[in-house]
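Student: The following block contains the structure, expressed as structure tokens.
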Amino acid sequence: MPMIDQTSQLRAPVLVTGANGYVASWLVKRLLERGFDVHATVRDPRDPRKTGHLEAIAHGCPGTLSLFRADLLDPHGFDRAMAGCGLVFHTASPLIVRNVEDPQRDLVEPATLGTRNVLEAVNRTPSVRRVVLTSSIVAVYGDAADLQGIDGDRFDESHWNTTSNERHQPYSWSKTLSERLAWKIAGEQAHDRERAQWDLVVVNPGLVLGPSLSIHTSAEGVLVMRDFGNGYYRFGAPALELAIVDVRDVAEGHIRAGLLPNARGRHILVSESLSVLEMAGILRSHFGDAFPFPRQAVSNAAALMLAPSRGIPQAVAKRNLGYPLRFDSRRARDRLGLTFRPAAESVADHFRQLLDDGLVPAAARRP
Ligand code: NAP
């Protein structure tokens, strides 16, 4: 495994945007445990639902936590938080997959303007030497059906999402546009990489599962796991594959992308793909029959009919139901030295956290 250059980076504070988020909270925790001084941006630092868990984590850690207010839409919103930082983790971006009201206003604008605003602040802050952008596998592919159109049986870092747009998979579109924009802005510095002020390293996580540090989160993976407890799948499991990665491994992937001197390019963070039915089997083996985990698959025709009730357009369901979804994550394993937890562990640990925190309704239990 490559060595992590912690000594030189430890001197400067690090910035984490969207620090209260599901993924970023684990990143902040790991950074504080390693002794970093973390400048954490949130939309409202006075809202205890957003910051209470971060302050509790910071208590007793060797690193220090400083909270700053910043909105993605504010052109100078990140300047104060970024001052003096050596490393920037840009994780903040709206994550809405179901029932998107206004794709441009709710997704594309904050994602792309936010990326521009953060990177322009980086250009104004000479202490920053590296930016780690939280992109996604949805910047790599649009729908599982896209796999049929490529050479090979899995997506890798050479692939880009070419099938999403403002109407079809707008969240994926917003992530694709913002990653492309980040590469463009990074490339507009000195052409010679050695002379550029900062470099960009991108991580592309799959569906992130695993215990949340906050009960006030509605990240997509959390919603997916809650569906298993709230009876959504009681009629059966749709033939869908999910490319899963654990939130704790995503945090570690960010840290390695930030600290390894030779890290560069994109990194797919996926442990393995599981079908909804396989996830149900894992949950049943851990939690027994107390919850309405599906025992059988529903036909694609039935799943297609049910999709809109879950806020998923039929056009999206059509291009994902029944298709395999596979990723090659060798680059993250080899270049970042990451070891991914088995997806079964993430699924079980996540559901246990939802139970422990009372986020799976008791009514969902069978008598
Ligand atoms: P999350 O919990 O919803 O976190 C998103 C963060 O972005 C929150 O802190 C949110 O702040 C912030 N944000 C959204 N709009 C903002 C705005 N206008 N100004 C300032 N902050 C804003 O979701 P997450 O799963 O942790 O996502 C974090 C990153 O990982 C995102 O870039 C997402 O695209 C990426 N990602 C997530 C997954 C996944 O499965 N969860 C997979 C791949 C990539 P508020 O709390 O105030 O809304």
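Student: Mind putting a number on the dipole of segment 32-167 about its Cα centre? Charges go on the C-beta only, +1 for Lys and Arg and -1 for Asp and Glu, and I need it in Debye to the nearest 20.
Tutor: Working: 15 positive and 20 negative charges, 124 e Å.
Using Cβ point charges on Lys, Arg, Asp and Glu, segment 32-167 gives about 600 debye.
Student: Give me the net charge for the shell around Ser285: Cβ to Cβ below 15 angstrom, other residues only, Lys and Arg +1, Asp and Glu -1. Don't skip to the end; give the middle numbers.
Tutor: On the way: positive: Arg284, Arg295, Arg352; negative: Glu278, Asp289, Glu345, Asp349.
That works out to -1.
Student: Could you work out the pair-distance distribution P(r) of segment 1-137 from its alpha-carbon pairs, with 5 angstrom bin width and percents rounded to whole numbers?
Tutor: 2, 10, 20, 22, 20, 14, 7, 3, 1, 0
Student: Treating cross-link reach as a plain straight distance, find the lysines whose alpha-carbon is under 20 Å from the alpha-carbon of Lys184, omitting any fewer than eight places away in the same chain.
Tutor: Reachable lysines: Lys175.
Student: Counting Lys and Arg as +1 and Asp and Glu as -1, each charge on the Cβ, what is the dipole of the chain about the Cα centre in debye, to the nearest 20?
Tutor: On the way: 43 positive and 41 negative charges, 55 e Å.
Taking the Cα centre of the chain as origin, the dipole is about 260 debye.
Student: Of Gln148, Ile312, His59, which is farthest on the positive side of the dipole of the chain, counting Cα position, with +1 on Lys and Arg Cβ, -1 on Asp and Glu Cβ, and the Cα centre as origin?
Tutor: Ranked along the dipole, the leading option is His59.
Student: Would you mind computing Rg(Cα) / (2.2 N^0.38 Å) for segment 262-348, counting N as its residues? Each step should come with its number before you reach the end.
Tutor: Values: Rg = 16.6 Å, N = 87, 2.2 N^0.38 = 12.0 Å.
Its radius of gyration relative to the 2.2 N^0.38 Å reference: 1.39.
Student: In whole Å, what are the extents of segment 111-201 along the principal axes defined by its C-alpha atoms, from largest to smallest?
Tutor: 44, 28, 17
Student: Regarding the chain, what is the average projected area of its C-alpha convex hull, in nm²? Don't skip to the answer; put the middle values down first.
Tutor: On the way: hull surface 71.4 nm².
About 17.8 nm², averaged over all directions.
Student: Also: Can you give the longest stretch of the chain with no exposed loop site, where a site means GluC sites (Glu not before Pro) in a DSSP loop (not H, G, I, E or B) with at most 16 other C-beta atoms within 10 Å? Working shown, then result.
Tutor: On the way: sites that count: Glu101, Glu166, Glu188, Glu194.
For GluC sites (Glu not before Pro) (loop position, at most 16 other Cβ atoms within 10 Å), the longest site-free span of the chain is 195-367.
Student: Can I ask one more? Report, in whole Å, the centroid distance computed from the Cα atoms of segment 72-124 and segment 260-301.
Tutor: 29
Student: Can you check what the net charge comes to around Asp102, using other residues whose Cβ is under 11 Å from the Cβ of Asp102 (Lys, Arg +1; Asp, Glu -1)? Walk me through the numbers before you get to the answer.
Tutor: Working: positive: Arg105; negative: Glu101, Asp106, Glu109, Glu166.
Within the 11 Å Cβ shell, the charges total -3.
Student: Here's another thing I want to ask about it. Quick check for me: using +1 on Lys/Arg Cβ and -1 on Asp/Glu Cβ, what's the dipole size of segment 266-356 about its Cα centre, in debye to the nearest 20? Walk me through the numbers on the way to the answer.
Tutor: Details: 13 positive and 8 negative charges, 89 e Å.
So the magnitude is around 420 debye.
Student: In a solvent-free Debye calculation with one equal scatterer on each Cα, what is log10 I(q)/I(0) for segment 179-299 at q = 0.17, 0.22 Å⁻¹, listed in the order of the q values?
Tutor: Results for segment 179-299 at q = 0.17, 0.22 Å⁻¹ read -0.91, -1.25.
Student: Show which aspartates and glutamates lie in cross-link reach of Lys318 when reach means a straight Cα distance below 14 angstrom and same-chain residues fewer than eight apart are skipped.
Tutor: Asp143, Asp146, Glu241
Student: On to the next question. With only alpha-carbon atoms in the gyration tensor, what are the semi-axes of the equivalent ellipsoid for segment 150-240, in Å, largest first? Before the final figure, lay out each step's value.
Tutor: Details: eigenvalues 236, 68, 33 Å².
Whole-Å semi-axes of the equivalent ellipsoid: 34, 18, 13.
Student: If segment 26-106 were replaced by its equivalent ellipsoid, with semi-axes equal to the square roots of 5 times the Cα gyration tensor eigenvalues, what would those be, largest first, whole Å? Before the final figure, lay out each step's value.
Tutor: On the way: eigenvalues 127, 50, 28 Å².
Semi-axes, largest first: 25, 16, 12 Å.
Student: Counting other Cβ atoms within 10 Å of each Cβ, which trypsin sites (Lys or Arg not before Pro) in segment 5-84 have at most 11 and sit in a DSSP loop?
Tutor: Details: sites: Arg11, Lys29, Arg30, Arg34, Arg43, Arg46, Arg49, Lys50, Arg69, Arg80; in loops: Arg11, Arg34, Arg43, Arg46.
Taking segment 5-84 and a limit of 11 other Cβ atoms within 10 Å, the loop trypsin sites (Lys or Arg not before Pro) found are Arg11, Arg46.
Student: While we're looking at this one, here's another question. How would you classify segment 314-359 from its alpha-carbon gyration tensor, with a ≥ b ≥ c the square roots of the eigenvalues: rounded for a/c under 1.5, else prolate if a/b is greater than b/c, otherwise oblate?
Tutor: Judged from the Cα gyration tensor, segment 314-359 comes out oblate (a/c at least 1.5, b/c at or above a/b).
Student: Straight-line reach from Lys50: which lysines fall under 18 Å, measuring Cα to Cα and dropping same-chain residues less than 8 apart?
Tutor: Partners found: Lys29.
Taken together, the values in this text are just the output of simple stated rules run on the coordinates, not laboratory data. In this text, all values refer to a predicted model and were calculated from it rather than measured experimentally. Every residue, glycine among them, receives a Cβ derived from its backbone with ideal geometry; neighbour counts consider all protein chains shown.
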